[in-house]
Structures are given as structure tokens and as C-alpha cells.
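Participant: First the structure, then my questions, so here it is.
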Amino acid sequence: FGQGVDEADIRDRIGRLLLSAGDAAGARAEYDALEKLMGGAEKMPREACEASARARYAVGDFAAAAAAYEALQVRFKDAAVYAYEAAVCQEKMKKWAEAERGYAQAEKNRNSLPPEYAAALTENLNRMRFQAGTGDRGLAYWVGHLNRERSVAEFDAAAAALCRITDAGKQDREALTKLDAAQGVYSADDIRYYAVGAVRLHAM
């Protein structure tokens, strides 16, 4: 770079161009150089940090991407999008407990999330509770998928999840009551009646 040229700005611009062109590896290299030039990511502009995190994610370095999003979350505490993005990275690495914490953090400020993230958040959070084995493992959420409005695929996925949850241990009266109610919406000539009944047997 020539004398008088703002190298940091140039590297940021090049990184953005490469990322837009689909060259995530090239963008990653530019942002790594920018971070070194500026003496740490915390000294980089917010938008540059976001682009750097996207580049890391795009090349499959989910650990580095998660760290970048978590650092942004520390700097901008009310921006739930960073907690959500970090959780996505943790989920990619099958770090269920960490992903659950990230989604739970995003839940606290879900109104600030992009609409598509907000729409997916509840399912993501309960899916991680199921994977991590925490709380009720999302039992109430999955029971809610046993209604008539759900597609066959959604119903079957919920029933399978509930069987795995209940296999892990006997459920309390509240959980059994929820399952009783879920079965009660179906008549005895409906195959879903027996599917929910099978889940209830697992829970007893």
C-alpha cells in the first residue's frame, strides 16, 4: 500500500468485495490482516467485525466465527442477533449446551432480531434443550406439535422427540396431563390417537 493510503479502510473494502463475490477465503485473509493491523478485533469497526465473522462462518471455521459473534455480543449487549449467530455456530459444532445458552440469550431481546431469526428462535431453543438434555428438554414445545394442524412430518418428528425425552426418565404429573390432553383431541379411529398413546406409555 502506498504512502498516505488508509490501509485499514482498503482492506475492509477489499474484504467486503471478496465476500460479496463468494471468495470467503480471500475475505477471511483480508480481515485477519486487518485485525492484526489494528491491534485486535475490538478496535475494528462494528461492520468490519460482522463481515469478518461471516467470512469465518463461510469457510467453515465455526469456532472462530462463534468467538467473533460472542465478542460482538459483549460490545453490543442489546443486539440479540450476535447471540443468535454465535448459537448457530455452536450448533454447527454440535456444542448443544453452548448453543442453547446463545439462543436463550437471544430470546431476551428477540424483538430486535430479524424476522426470520425471530420466527425460528423458539424451535431452535427447544431443539437445543432436547439435544443438551436440559430442563424439560422442550417437552411442552414438542407436545404442542401433536395437534391436528401439524403436518405428518412435523407430528412424527415431535412424537419421536417425545419418546426419546420420556425414555430418559419418568415424567411428572404435569407432563402426563399435557400428553393426556394431546391425545384427547383425537378419536379412537384416528391413527394419531394411538401415536400419542404410545408416547404416553413411554412417559409412565
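The values are calculated or read from the model by the stated rules, or taken from the named source; none is laboratory data. Keep in mind the model is a prediction, meaning the values are calculated, not measured. All Cβ positions, glycine included, derive from the backbone under ideal geometry; neighbour counts span all protein chains shown. Only protein heavy atoms, including side chains, enter the accessible area calculation; ligands, DNA and RNA are left aside. Shrake-Rupley method; radii C 1.70, N 1.55, O 1.52, S 1.80 Å.
Participant: Out of all the residues in segment 110-146, which are out of contact with any Phe, Trp or Tyr (no Cβ under 8 Å at 6 or more places or on another chain) and of a type in the set (S, T, N, Q)?
Facilitator: Asn111, Ser112, Thr134
Participant: Here's another thing I want to ask about it. From the list Ala198, Ala158, exactly one residue is within 16 Å of Arg127 (Cα to Cα) and either at pLDDT 90 or above or aliphatic (A, V, I, L, M) (or both). Which is it?
Facilitator: Among Ala198, Ala158, only Ala158 is within 16 Å of Arg127 (Cα to Cα) and either at pLDDT 90 or above or aliphatic (A, V, I, L, M) (or both).
Participant: Could you please let me know if Arg164 is modelled with pLDDT under 85 and either basic (Lys, Arg) or open to solvent by 40 Å² or more (accessible area, probe 1.4 Å) (or both)?
Facilitator: yes
Participant: Got at least one residue in segment 125-133 being closer than 30 Å to Arg56 by Cα and among the small types (Gly, Ala, Ser)?
Facilitator: Checked segment 125-133: at least one residue is closer than 30 Å to Arg56 by Cα and among the small types (Gly, Ala, Ser).
A quick yes/no check of all residues on (1) closer than 28 Å to Trp96 by Cα; (2) open to solvent by less than 50 Å² (accessible area, probe 1.4 Å); (3) not in a helix (DSSP H, G or I):
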| position | (1), (2), (3) |
| --- | --- |
| Asp12 | no, yes, no |
| Leu18 | no, yes, no |
| Ala25 | yes, no, no |
| Glu35 | no, no, no |
| Tyr57 | yes, no, no |
| Ala64 | yes, yes, no |
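For every residue, the table says whether it meets (1) open to solvent by less than 40 Å² (accessible area, probe 1.4 Å); (2) within 30 Å of Ala175 (Cα to Cα); (3) of a type outside the set (A, V, I, L, M); (4) in contact with a strand residue (DSSP E or B) (Cβ under 9 Å, 6 or more places away or on another chain).
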{"position": "Tyr69", "(1), (2), (3), (4)": "yes, no, yes, no"}
{"position": "Cys89", "(1), (2), (3), (4)": "yes, no, yes, no"}
{"position": "Asn124", "(1), (2), (3), (4)": "yes, yes, yes, no"}
{"position": "Met128", "(1), (2), (3), (4)": "yes, yes, no, no"}
{"position": "Arg150", "(1), (2), (3), (4)": "no, yes, yes, no"}
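Participant: Within segment 71-81, is even one residue farther than 22 Å from Asn126 by Cα, among the polar types (S, T, N, Q), assigned to a helix (DSSP H, G or I) and open to solvent by less than 60 Å² (accessible area, probe 1.4 Å)?
Facilitator: Checking segment 71-81: not a single residue is farther than 22 Å from Asn126 by Cα, among the polar types (S, T, N, Q), assigned to a helix (DSSP H, G or I) and open to solvent by less than 60 Å² (accessible area, probe 1.4 Å).
Participant: If you don't mind, there's one more thing I want to ask. What are the residues in segment 56-90 that are closer than 21 Å to Arg28 by Cβ and of a type in the set (D, E, K, R), if any?
Facilitator: Selection gives Arg56, Asp61, Glu70, Arg75, Glu85.
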